[in-house]
Amino acid sequence: GTSVLGLVDMVITAVLALAGIALAATPMNMNGEYLIANPNPSAGATFPTEYGARGAEYFDVYSPEIQTVYAEVYWTMMDNVPLPADIVSRFANKTMAIVGYEADQVFRTPQGDVSVPIYWAYNHHYEVYMLGKNAKLEQVEGSIETAMGMNHGAANYWKISTSNTDPDPETRDAQFFSEGNGGEYRKSFHGYPAGFAQLIYSPEIFRIQPMQIDTHNRDYNGTGFKPWLLPKSSAAPPNASYSGLLECPCTTRTVKNWSTVYTTATSGTCPTPLTNATECFEAIAKLGPAPSTSKIVSSRAIPSGCVLFNHANGTVDAIFNTGSSPATCGSGGSVFSGRVSSSMTAITIDLALDTTVPGGLATITLTGPSAVWFGVGFNANLMADLPYSIIVDGYGNVTERKLGDHDPGSQLKTQVVVKSNTVSKGVRTVVLTRAFHGLTADHYTFDPTVTSIPMINAAGSGPALAFHKTRATATLGMTALDAATCVCDGGTKGTINGLAFSKNCAPEPTGDLLEQKNPTCWIQTYQGGLSCCHHRDLLLDADQPRDNRTDSYHMKFRFWFQ
């Protein structure tokens, strides 16, 4: 029953063996065979998932040690790991084509690697960076406002940069590998079709940011999963075949802080009005400056609800109008102004928008330390927003720039007119004017109906523009001058364990969570998820003691290349 070709193979193998020549074994997958759940029915053949059989080679790399106790979250960027020296040497100034990879979590023992059961250490997801010789990974300063919409509340984030000024368009100085397969990550296939690969030039460094949750019952020595301590908020049913810790329940150790954010409106009406006088007057005092008078009225002459009048003489009237009124916010106003200061940078920004001047006249007054450069960026929460900015250096020179992502960007054509530039007791005050409409698309255009402008500001350590010494974010709130400015309920913002909380629960027809009043949409009712699951959080209630028995293991990756 053996074919002629089979006999030939056997003879060749025997001859080589007699001659002392060993045939190289085909390298095997680290995690065995992978099954494709949704194969192409018209392919006529099973997609090959054995990397070695496809002619690929591999190398293994391990993360630094991960050490956790029961119910502890491990979620942080780990240190650089050099790739194997022979791989670095072989691909120095060359391009590697990565055709797939495998992942595991292992105990490293003298007898070899032993996989850590998924019911001991649960991998929620991982983010892996492979860096070439020209690339580096650096932590970038963000802002709490930006954190609300990214990075699960963490203000700072990681960014790849490269020193290669003329990269080959057919290759890359770094590559990124990430999956959130959860309990299926070891048997999920991460390979590419023939002819496709992730290319990297001169690879040298491996770096990983894993998210692990320790679910190992230290008091159980049998096989398989057995539940252990869970916080009261765990949603896992009794006798569940999985740990309720996987859902990141909030616990009595979780610290939540929240408050209402108040906004202003100088056109139309409040999207969400304030409904009682007490909150109205507290909101106006919080927006500042403190009101000179506070009163409740019923009038059709001013907008209904919470209203403030900011007068040219510096006084502020706080009014809660209980009457039904056709009047709109900002009606009759022609000048709109706002001020914001930062104690971190010692910078104050005053903005006045005069609509009576043809084309509009914006008066910008900046104050900051006189001996060093300082600057402000408009409509931005961080430099990565690439904002229009005004920079005042320590010599008093004023320039306008379009900032880069953590670089000074490019200088713009001058639009501002310097009306005055004075220094007193170490503080420089610069008064500038310009038209509302930006000179180019890179210049900011002022809109008197916009009442909330996010701003960044920074100051340096020397007179010339360079890396900032201090930086801050702020929101410039605008009000009508000698006209009614409505004060509105801007919603609730807060933090969980010190990190910004944000949930994008879209209204119908985009989403149903708001309509269903799903508790995940609001910090007050949020019961669990990634916002309660940050690095070194212990997912137990305060009355449940910490067990100090640790597990120590490594993430392991096998990269296949051609």
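The values are calculated or read from the model by the stated rules, or taken from the named source; none is laboratory data. Small disclaimer: the values here were computed from a predicted structure and weren't measured. Because the Cβ atoms are built from the backbone with ideal geometry, glycine has one as well, and the counts that use them run over all protein chains shown. The area values use the complete protein model at the heavy-atom level, side chains included, leaving out ligands, DNA and RNA. Shrake-Rupley method; radii C 1.70, N 1.55, O 1.52, S 1.80 Å.
Looking at 537, 512 in this structure, which one is surrounded by fewer than 17 Cβ atoms within 10 Å (Cβ to Cβ) and of a type in the set (Asp, Glu)?
That would be 512, the only listed residue that is surrounded by fewer than 17 Cβ atoms within 10 Å (Cβ to Cβ) and of a type in the set (Asp, Glu).
Hey, among the residues in region 200-224 that are hydrophobic (A, V, I, L, M, F, W, C) and either modelled with pLDDT under 95 or touching a His at 6+ places or on another chain (Cβ under 8 Å) (or both), which one's farthest from residue 556 (Cα to Cα)?
Checked region 200-224; the qualifying residue farthest from residue 556 (Cα to Cα) is 213.
In region 99-116, which residue that is without any contact (Cβ under 8 Å) to a residue 12 or more places away in the chain and among the β-branched types (Val, Ile, Thr) is surrounded by the fewest Cβ atoms within 10 Å (Cβ to Cβ)?
109
Within region 283-303, is even one residue touching a Leu at 6+ places or on another chain (Cβ under 9 Å), closer than 27 Å to residue 416 by Cβ and not charged (D, E, K, R)?
no
Taking region 425-451 only, how many residues are open to solvent by 40 Å² or more (accessible area, probe 1.4 Å) and touching a Gly at 6+ places or on another chain (Cβ under 6 Å)?
2
Inspect region 257-264 for any residue being of a type in the set (A, V, I, L, M, F, W, C), open to solvent by less than 60 Å² (accessible area, probe 1.4 Å) and either within 30 Å of residue 307 (Cβ to Cβ) or modelled with pLDDT of 95 or more (or both) and give the result as yes or no.
Yes; the residues of region 257-264 include at least one that is of a type in the set (A, V, I, L, M, F, W, C), open to solvent by less than 60 Å² (accessible area, probe 1.4 Å) and either within 30 Å of residue 307 (Cβ to Cβ) or modelled with pLDDT of 95 or more (or both).
How do the pairs read when you match residues in region 211-238 that are more than 15 Å from residue 70 (Cβ to Cβ) and open to solvent by 70 Å² or more (accessible area, probe 1.4 Å) with residues anywhere that are of a type in the set (Gly, Ala, Ser) and in a loop (DSSP other than H, G, I, E, B), using Cβ under 6 Å and keeping only pairs 6 or more apart or on different chains?
Close Cβ pairs satisfying both conditions: none exist.
Here's a check for you: in region 515-530, which residue that is over 30 Å from residue 106 (Cβ atoms), touching a residue at least 60 places away in the same chain (Cβ under 8 Å) and surrounded by 14 or more Cβ atoms within 10 Å (Cβ to Cβ) is farthest from the chain's Cα centre (by Cα)?
527
Where residues in region 311-333 are on the phi < 0 side of the Ramachandran plot, open to solvent by 30 Å² or more (accessible area, probe 1.4 Å) and in contact (Cβ under 8 Å) with a residue 60 or more places away in the chain, which of them is nearest to the chain's Cα centre (by Cα)?
328
Exactly one of these conditions fails for residue 504: (1) at pLDDT 90 or above; (2) open to solvent by 40 Å² or more (accessible area, probe 1.4 Å). Give me its number.
In the conditions (1) at pLDDT 90 or above; (2) open to solvent by 40 Å² or more (accessible area, probe 1.4 Å), residue 504 misses (1) alone.
If a residue has to be closer than 30 Å to residue 67 by Cβ and not in a loop (DSSP other than H, G, I, E, B) to count, how many in region 478-535 make the cut?
Qualifying residue count, region 478-535: 8.
Where in region 172-260 are there strands (runs of 3 or more DSSP E), lying wholly inside it, with at least 1 residues that are within 30 Å of residue 501 (Cβ to Cβ)?
So the answer is 174-179, 203-214.
This table checks each residue for (1) in contact with a strand residue (DSSP E or B) (Cβ under 8 Å, 6 or more places away or on another chain); (2) at pLDDT 90 or above; (3) within 30 Å of residue 199 (Cα to Cα).
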{"residue": "471", "(1), (2), (3)": "yes, no, no"}
{"residue": "480", "(1), (2), (3)": "yes, yes, no"}
{"residue": "492", "(1), (2), (3)": "yes, no, no"}
{"residue": "519", "(1), (2), (3)": "no, yes, no"}
{"residue": "523", "(1), (2), (3)": "yes, yes, no"}
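From the list 92, 121, which one is in contact (Cβ under 8 Å) with a residue 60 or more places away in the chain, among the aliphatic types (A, V, I, L, M) and surrounded by 19 or more Cβ atoms within 10 Å (Cβ to Cβ)?
The unique qualifying residue is 121.
Quickly run through region 396-434 and pick out the residues that are outside any strand (DSSP E or B), free of Cβ contacts under 8 Å to residues at least 40 places away in the same chain and within 20 Å of residue 362 (Cα to Cα).
397, 412, 413, 414, 415, listed by residue number.
Considering region 276-291 alone, what residues qualify as being surrounded by 13 or more Cβ atoms within 10 Å (Cβ to Cβ) and within 20 Å of residue 478 (Cβ to Cβ)?
280, 283, 284, 285, 286, 287, 291 - these are the residues of region 276-291 that are surrounded by 13 or more Cβ atoms within 10 Å (Cβ to Cβ) and within 20 Å of residue 478 (Cβ to Cβ).
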